[in-house]
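Contents: one structure, followed by commentary.
The values are calculated or read from the model by the stated rules, or taken from the named source; none is laboratory data. This is a predicted model, so every value here is computed, not measured. Every residue, glycine as well, gets a Cβ built from its backbone with ideal geometry; the counts of neighbours run over all protein chains shown. The protein model used for the area step is the full one, side chains on, heavy atoms only, and it has no ligands, DNA or RNA in it. Shrake-Rupley method; radii C 1.70, N 1.55, O 1.52, S 1.80 Å.
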Amino acid sequence: MMMTTQETIKEIKKQFRLFMNGIVSQSMREKGLDYKLNFGIELPRLKEIAAKFEKNHDVAQALWKENIRECKILAGMLQPIDTFYPEIADIWVEDMHYPEIAELTCMNLFQYLPYASDKAFQWMADEGEYFQFCGYMLMARLLMRGSEMNERAENEFLDQAMTALQGETGMICRSASTALKKYASQSAGNAKKLLKLLQPLAASEKQEVLALIEDVKFEAESLH
């Protein structure tokens, strides 16, 4: 007999209680991760729990609505691709408050969406902090998977990312840096092009900028 959505959620939470890690949970709270509930369960264990359940739209949507760290992470793992429409993706990003959730949702769900590339560009250009963060993290994932851009898209990406790199928000700066690094690692031509763009920033006082310049230099040399 199939379980109802509520029964499945109850069963998932029972699994969470079995693997609860108070030390990790306390450490996260001390770092300001203020969920209503946080079981402190590590990612490999969460993947094991997710593997016990079928992907299900209603279950994933119900999990996402809970202000519980593990529920949000599992929602991304259990959400089927074909029923996750672009407007739901926007609603999820609007509801993000922690980089960990944003990164894991990009990794477990967003990168596999048929419209992932469109969303990456849309979000990078958005004014919202988490929209931009997800845009760059999603772009990094797509580049890691070998996605290529046409010249217009490439110029738009580089323009947006270079601006974000010099912005005031550390979280967005770091995510833009990650995406640029993945872009550079695609080819020697990309690394060379990025290095040229980064040259005027060599005197920057921002750690992310200087670290990126070093990484890209290393990438450019190793790809020659």
Mean Cβ count within 10 Å, highest first, over the residues of peptides 64-70, 179-185: 179-185, 64-70
Net charge of neighbours whose Cβ lies under 10 Å from the Cβ of residue 65, counting Lys and Arg as +1 and Asp and Glu as -1: -1
Signed unit charges on C-beta, dipole axis of segment 54-169, positive-most listed residue 166, 97, 146: 146
Gain on full stretching of the segment that runs from residue 57 to residue 81 - 0.36 nm per residue minus C-alpha separation: 7.7 nm
Length-normalised contact order for the chain - Cα pairs under 8 Å, 6+ apart - percent: 12
Folded to 0 to 90 degrees: helix 69-78 orientation relative to the chain principal axis, Cα: 80
Cα-based helix-to-principal-axis angle, 151-165 vs the chain, degrees rounded to 10: 80
Distance (nanometres) between label positions extended 7 Å along Cα→Cβ at residue 210 and residue 126: 3.3
Amide H partners (placed H, <5 Å) of residue 37, local residues excluded: 69
Charge dipole magnitude, Cβ of K and R +1, D and E -1 - the chain, Cα centre, debye nearest 20: 740
Theoretical gain in end-to-end length, residue 43 to residue 20 [0.36 nm per residue, Cα-Cα removed]: 7.1 nm
Rounded FRET efficiency, nearest 0.05, which uses the C-beta distance separating residue 169 from residue 221 and R0 of 35 Å: 0.70
The chain, accessible area per residue, ligands and nucleic acids excluded (1.4 Å, Å²): 53
Mean projection area, nm², convex hull over Cα of the chain: 13.5
Degrees between helix 99-108 axis and first principal axis of the chain (Cα, 0 to 90, nearest 10): 90
At R0 = 41 Å, FRET efficiency that the Cβ-Cβ distance of residue 88 and residue 197 yields, to 0.05: 0.70
Long-range amide H partners of residue 128 with built H, under 5 Å: none
Cα pair count fraction exceeding 20 Å, expressed as % - segment 39-162: 42
GluC sites (Glu not before Pro) lying in DSSP loop within segment 81-155, provided at most 14 other Cβ fall within 10 Å: 127, 148
